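Written out below as structure tokens is the structure these notes cover.
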Amino acid sequence: MASSEAVARAQAVKAKHEHELMRKRNVVGVGVGFQKRAGQMTDVVCIVVSVREKLPRDQLAAKDVIPAELDGVPVDVQATGAFRAL
């Protein structure tokens, strides 16, 4: 179970970096959730960056690479496709 402190910290770091993350190529959303490893959900609270599709690092400009961690909070990149209003 995630602690309320971990969630609050992740939310604060997300708020601080969301605008910068949303400007990166391929990013469609930023949220707070649980980290996935090998397709399985863990209990690690993280910043979730949703992208249209995961691309190899060598296909991204340096400015578009999403860091593995922001201010000590893990970042998980998850492919979600494009979001559309219904």
Taking the range 1-52 and keeping residues of a type in the set (Gly, Ala, Ser) and in contact with a Ser or Thr (Cβ under 8 Å, 6 or more places away or on another chain) leaves GLY29, GLY31, SER50
Within the range 45-70, can you find the residues that are touching a strand residue (DSSP E or B) at 6+ places or on another chain (Cβ under 7 Å) and among the β-branched types (Val, Ile, Thr)?
VAL45, ILE47, VAL48, VAL49, VAL51, ILE66
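Condition check ((1) among the charged types (D, E, K, R); (2) part of a strand (DSSP E or B); (3) touching a His at 6+ places or on another chain (Cβ under 8 Å); (4) in contact (Cβ under 8 Å) with a residue 24 or more places away in the chain) across all residues:
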position	(1), (2), (3), (4)
ALA6	no, no, no, yes
ALA15	no, no, no, no
ARG25	yes, no, no, yes
LYS36	yes, yes, no, yes
VAL44	no, yes, no, yes
ILE47	no, yes, yes, yes
SER50	no, yes, no, yes
Those residues that are part of a strand (DSSP E or B) and touching a helix residue (DSSP H, G or I) at 6+ places or on another chain (Cβ under 9 Å), I need them from the range 71-86; list them, please.
VAL73, PRO74, VAL75
Inspect the range 53-70 for any residue being at pLDDT 95 or above, surrounded by fewer than 13 Cβ atoms within 10 Å (Cβ to Cβ) and assigned to a strand (DSSP E or B) and give the result as yes or no.
yes
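The values are calculated or read from the model by the stated rules, or taken from the named source; none is laboratory data. What you see is a predicted model, and the numbers here were worked out from it, not measured in a lab. Note: ideal-geometry Cβ built from the backbone for every residue, glycine included; neighbour counts use all protein chains shown.
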